[in-house]
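What follows is a set of notes on a single structure, which appears directly below.
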Amino acid sequence: MTSLPNSSILCESRRVSVIGGGKVGSTLAQRIFEKNLADVVLLDIVEGMPQGIALDLMEAQPIERNDRQMIGTNDYADTAGSDIVVITAGIPRKPGMTRDDLLKINAKIVVEASEKAIAQSPNAIFILVSNPLDVVTYLSWKTTQLPPSRVMGMAGVLDSARFQTFIAMELGVSPRDVNALVLGGHGDLMVPLPRYSTVNGIPITELMDAVTIERLVDRTRNGGGEIVGLMKTGGAYFAPASSTCLMVEAIINNQSRQLPASAYLQGEYGLNDIFIGVPIQLGGSGVEKVLEINLTDAEREALHTSAESVRANIQQAST
């Protein structure tokens, strides 16, 4: 275990444990640490790897001017008392693999991680990042037996950010002026919503023709796969880490942000007993509310089709 000398500070500060020290997990740890949001525990099964990352980040403290603490560990006992647990553990996608191809392997990894983490931090809020996202979020919720408000999946922020990026690139405008919304499962059946996507308040339906919009929608649905295809040996990690950090910050600072995330539905949008991407209000207690927006018949049908795919994969992972 690697830590700074004064361990008493660690007990008094907000603590985020990141389970999985791969590229997403380690980049997320860096984001949280350098933003000075919380003390971070980075856990991985590979001996020495999280300890080395933690020491490397601590050696950057005098330059980055943050005063949080970082622990690298292979022992879940070091995650005890976490306010937030983020699970990124699992094998990454490889070229030709879909998110659902990872189902059986990552489901087992996430269930085991959830069991060990909740035993150490029964009051934590859980954020799932591993794929297939909506499926493992449901399995983690079942495993931890937490209230659904304290379990969620990070996907909508990432998918919406990708849609925003492609819109900004197409129009040659600043991404800061673009807002976009993507619902549904984190996969090929996600549901980007052009009607709710704007540039400085102007709907993109007034700025681009239908063919262009559909091209950007398709690129968004395949955004992760595009990066996997380019990199060959791994997948995206900068944008997923930034997206997760945004959610961590909303919880730690009790910001009541309106964000899309994989949340548990109990009748909203005509769906029950499923985690899927919808707009939520996210604050210090977790999911404060699920926001139900008006959808066209086609959008609602697409959301239900996405949900059916998620439900089928949950059943497959549970057998």
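The values are calculated or read from the model by the stated rules, or taken from the named source; none is laboratory data. Model, not experiment: these values are computed from the prediction. Because the Cβ atoms are built from the backbone with ideal geometry, glycine has one as well, and the counts that use them run over all protein chains shown.
Assorted remarks:
- Only one of the listed residues (Glu12, Glu59) is over 18 Å from Ile127 (Cβ atoms), of a type outside the set (Lys, Arg) and at pLDDT 95 or above. That residue is Glu59.
- When Ser160 is tested against the conditions (1) of a type outside the set (A, V, I, L, M, F, W, C); (2) assigned to a helix (DSSP H, G or I); (3) surrounded by fewer than 24 Cβ atoms within 10 Å (Cβ to Cβ), the lone failure is (3).
- Selection count where residues are assigned to a helix (DSSP H, G or I) and farther than 25 Å from Gln281 by Cα, scope the stretch 224-261: 8
- Members of the stretch 36-59 found to be among the small types (Gly, Ala, Ser), surrounded by 22 or more Cβ atoms within 10 Å (Cβ to Cβ) and either assigned to a loop (DSSP other than H, G, I, E, B) or not assigned by TED's automatic domain parsing to the domain that holds Gly90 (or both), listed by number: Ala38
- In the stretch 190-205 there is at least one residue that is among the basic types (Lys, Arg), in a helix (DSSP H, G or I) and under 21 Å from Arg300 (Cβ atoms).
- Of Ala250, Ala261, all but one fail to be surrounded by 18 or more Cβ atoms within 10 Å (Cβ to Cβ), under 30 Å from Arg15 (Cα atoms) and free of Cβ contacts under 8 Å to residues at least 60 places away in the same chain; the exception is Ala250.
- Taken over the stretch 126-143, the criterion of being among the β-branched types (Val, Ile, Thr), out of contact with any Phe, Trp or Tyr (no Cβ under 6 Å at 6 or more places or on another chain) and part of a helix (DSSP H, G or I) is satisfied by Val135, Val136, Thr143.
- Residues that are buried (at least 24 other Cβ atoms within 10 Å of the Cβ) and in a loop (DSSP other than H, G, I, E, B) within the stretch 144-157 comprise Met154, Ala155, listed in sequence order.
- The lone criterion from (1) closer than 22 Å to Ser309 by Cβ; (2) among the hydrophobic types (A, V, I, L, M, F, W, C); (3) out of contact with any Phe, Trp or Tyr (no Cβ under 9 Å at 6 or more places or on another chain) left unmet by Val182 is number (3).
- On the stretch given as the stretch 94-110, residues that are farther than 16 Å from Thr144 by Cβ and not in a loop (DSSP other than H, G, I, E, B) total 8.
- When the residues of the stretch 69-93 are filtered to those that are without any contact (Cβ under 8 Å) to a residue 60 or more places away in the chain and under 23 Å from Arg150 (Cβ atoms), the one that is farthest from the chain's Cα centre (by Cα) is Ala77.
- Residues in the stretch 211-241 that are of a type outside the set (Val, Ile, Thr), surrounded by fewer than 17 Cβ atoms within 10 Å (Cβ to Cβ) and over 16 Å from Gly22 (Cβ atoms): Glu214, Arg215, Asp218, Asn222, Glu226, Gly229, Leu230, Lys232.
- Among residues of the stretch 115-139 that are within 19 Å of Ser285 (Cα to Cα), those with a beta-carbon under 6 Å from a residue that is of a type in the set (D, E, K, R) at least six positions away or on a different chain give the pairs Ile125/Arg150.
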